[in-house]
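Since the structure comes first, as structure tokens, the remarks are kept for the end.
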Amino acid sequence: MRDFQEEQLRNIYLRKLLVGELQGPLTGKPSVDKPHLKFYSEEAFSRSLPKTSIYNYMYEINKNHLDDIAFVFDTGFDETEITYGELFKNIDTVANGLVQRGIKVGDKVAVSFANTPESVYTIYAINKIGAVSCLIDPRIKTYNLERDLKDLDVKMFIGNSEVYKNLKKVAKKVNLDNIVIIPTIQSATNKKIKNLYLASKILTGNHPLKLNKNWSSFLAENKTKKETKEFEYKEDQLAIISYTGGTTGVHKGVMLSNEAFNNLMLSHDYLMEDLGRGEKFMNILPQFMVYGIFTLHLALCRGLKTHLLLDSAPEHFVDNLIRLNPAISFGGPIHWETLIDNPKITPNCFSNMKAPVSGGEKLSLAKELAISKALKYGGSQEEMCNGLGASELAGSSTWKQGSKNKSGTVGRLHVYDNAKIVDSKTGEELSYNQPGELWLTSPSLMSGYYHREDETKHAIHEDEDGVRWFITGDLAQIDENGDIDLTGRSKRLFVCGLNNVYPPELEEIIYTIPSVNKCAVTNVPDEELRAVPKVHLVLNEDTEANRKKTIASIQTLISERVGSEVLPHYYEFHDHLKYTLNGKIDIEAIRRDDLEKIKANKEKKVLRKK
């Protein structure tokens with residue numbers, strides 16, 4: 001496999017070919033020609049990738065700016081400003097506390113947070129001492145929490161109050177007593193509201209009464225005021241594990257190194273050149289997901305003034321944008337679409353906006369143009385930006401920089417990444433403007449899935465040159481300028497509101513119900529949530545009573561194991577399901593039937609909504 005220095009020299013040569021400084025043939029294969037390189041400077045290829053911890057990378061950038069505001073905790077009723085000097089002191093305090101609790105290099109610590117200052121302190125502190133942050137969604141169901149904690153064998157659990165009620169039910173089962181719980185609004189300045197909040201959590205069983213599980217007591221245990229020494233850095237050391245369904249829906253932990261996140265920071269130096277220190281970033285992505293870590297680390301490493309918002313509701317997104325008028329904000333399509341024909345938008349209300357960024361799902365061209373129109377009316381300095389990423393890539397891999405890239409695409413690759421379009425039947429790479437399966441490689445690519453070598457082999461292909469390619473599950477094509485156009489998905493993942501839905505995961509749950517003979521989960525359009533699950537069923541005994549009982553069982557099991565946010569909205573019963581010639585349930589044919597029924601019977605609502 002080529003080393004990075006060799007790859008740098010080759011990239012410089014390719015760039016000269018692409019911009020006409022040298023004469024020579026190109027191959028017509030995007031992964032070989034790398035057309036995106038012509039949009040980056042030669043200096044970009046001459047830099048070495050950072051070899052340091054996530055914490056130290058951020059510290060070195062900001063150590064001479066201790067009085068600058070690192071972030072603002074925005075609860076909706078008050079704001080608390082934290083300087084970089086205070087940030088580093090708090091990280092040290094938490095790091096010392098972790099050491100006092102016996103956490104060592106390589107130990108795994110479960111972290112389960114909303115978008116709070118304590119999440120920032122804790123994740124950087126864990127990284128500083130060389131331990132591993134294992135990200136847990138505070139909304140997780142008891143069944144899944146027990147499964148994840150058993151899988152991870154964590155030495156400690158630190159999280160917000162919202163997770164504690166479920167955590168109590170499983171802690172003894174997984175032999176976990178090293179627990180610290182933090183009120184979500186711990187850093188708010190309004191004492192009256194803080195006390196009311198704390199009282200409500202105690203009454204609902206979401207706050208620990210034992211002092212050793214309390215955040216304040218945990219910090220008080222720290223007897224030393226000395227700065228905790230950073231661990232001795234080792235290349236490719238595991239830093240973060242984050243669970244995902246990937247493209248298959250199988251629950252698995254993505255293993256990411258320090259380099260994975262830091263390499264992304266370096267590549268963004270060439271994507272965010274217009275954003276200067278102190279400019280405002282509106283952050284709604286929580287730190288229990290990879291994208292939350294990525295965007296937080298990105299903002300801190302650029303010295304932006306980050307507003308940590310607890311409120312991520314799409315219906316409040318425009319209000320928050322107008323109130324803060326930030327230079328940059330990330331959100332999903334469900335957030336940005338609220339700008340379309342919104343009467344609250346006035347001239348200059350977005351006057352500071354330089355990077356309105358959407359991710360998580362492709363925006364349709366029509367909606368992208370409509371959002372850009374709303375942004376322009378509000379005085380935004382840039383059109384809608386878009387991107388493509390994955391937890392397996394530590395965040396984003398492409399970025400459509402507003403008007404600098406072709407509309408309707410997800411833009412071009414980051415400077416150190418590469419892509420190819422593959423014929424899924426032959427495995428051969430396709431040429432420009434030919435649709436196929438998108439494969440990506442990046443210095444930010446995960447090392448693999450935790451305890452899931454089988455899933456790693458399905459997701460990662462290592463070629464004859466030793467290059468590791470991530471099989472995205474997206475169908476796409478690449479043009480001669482390197483712009484990537486997503487045309488669909490080869491897998492079945494879809495987005496419902498703010499949540500990824502994995503039909504195979506729901507089907508696996510449904511098949512545990514004795515009355516179910518066959519099932520298939522599809523998605524149908526929804527005006528509010530974009531798409532919602534629909535369940536197709538063949539029952540062993542098809543009676544009206546059995547139908548009602550089966551639906552109730554499905555709703556209960558999915559709510560318990562996955563969450564009420566992804567409950568099926570429609571059910572349809574069949575004598576049999578359609579199959580392909582090779583004997584598999586024909587999901588695409590069933591999906592086409594769904595769309596035809598919706599089109600033909602839109603007003604009659606023939607689908608049975610639950």
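Each value in this text was obtained by applying a stated rule to the coordinates, not by laboratory testing. All values reported here derive from a predicted model rather than from experimental measurement. Here Cβ is always computed from backbone atoms with ideal geometry, including for glycine, and neighbour counts include all displayed protein chains.
Values as computed for the structure displayed
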| item | result |
| --- | --- |
| Segment Gln555-Asn195, extension gain: residue separation times 0.36 nm, minus the distance between their alpha carbons | 126.0 nm |
| For the range 115-153 and the range 367-388, distance of Cα centres in Å | 35 |
| Loop GluC sites (Glu not before Pro), the range 428-473, which have at most 16 other Cβ atoms in a 10 Å radius of their Cβ (DSSP) | Glu428, Glu464 |
| Pairs of Lys in the range 494-609 closer than 18 Å at Cα, counting only those 8 or more apart or on different chains | 20 |
| Fully extended contour minus Cα-Cα distance, from Ser46 to Asp274, at 0.36 nm per residue | 80.0 nm |
| Within the chain, percent of DSSP bridges classed antiparallel, to nearest 5 | 60 |
| The range 290-331 shape via C-alpha gyration tensor axes, a/c threshold 1.5 | oblate |
| Theoretical FRET efficiency, 1/(1+(r/R0)^6), r = Cβ-Cβ of His574 and Glu315, R0 25 Å, to 0.05 | 0.10 |
| Theoretical ellipticity at 222 nm over the chain - DSSP helices of four or more residues, -39500 (n - 2.57) apiece, nearest 500 | -9500 deg cm²/dmol |
| Backbone HN-Hα couplings from phi across the range 216-222 [Karplus 6.51/-1.76/1.60, Hz, Gly and Pro as x] | 4, 5, 4, 5, 5, 5, 5 |
| Simple label model, 7 Å out from Cα along Cβ direction - Thr426 to Ile598, nm | 3.5 |
| Average silhouette area of the range 28-139, convex hull of alpha-carbon atoms, in square nanometres | 11.5 |
| Estimated Rh, the chain: Kirkwood, alpha-carbon pairs, angstrom | 25.7 |
| Cα convex hull of the range 431-487 - mean projected area over all directions, nm² | 4.7 |
| Viscosity 1.306 mPa s, temperature 10 °C, Stokes-Einstein D of the range 494-609 from Kirkwood C-alpha radius, µm²/s | 109 |
| Euclidean distance of C-alpha centroids, the range 458-519 and the range 38-79, integer Å | 32 |
| Loop GluC sites (Glu not before Pro), the range 118-226 (other Cβ atoms within 10 Å of the site Cβ: 16 or fewer; DSSP) | Glu221 |
| Other-chain or far-sequence residues with amide H under 5 Å of Ala70's (modelled H) | Ile82, Thr83, Tyr84 |
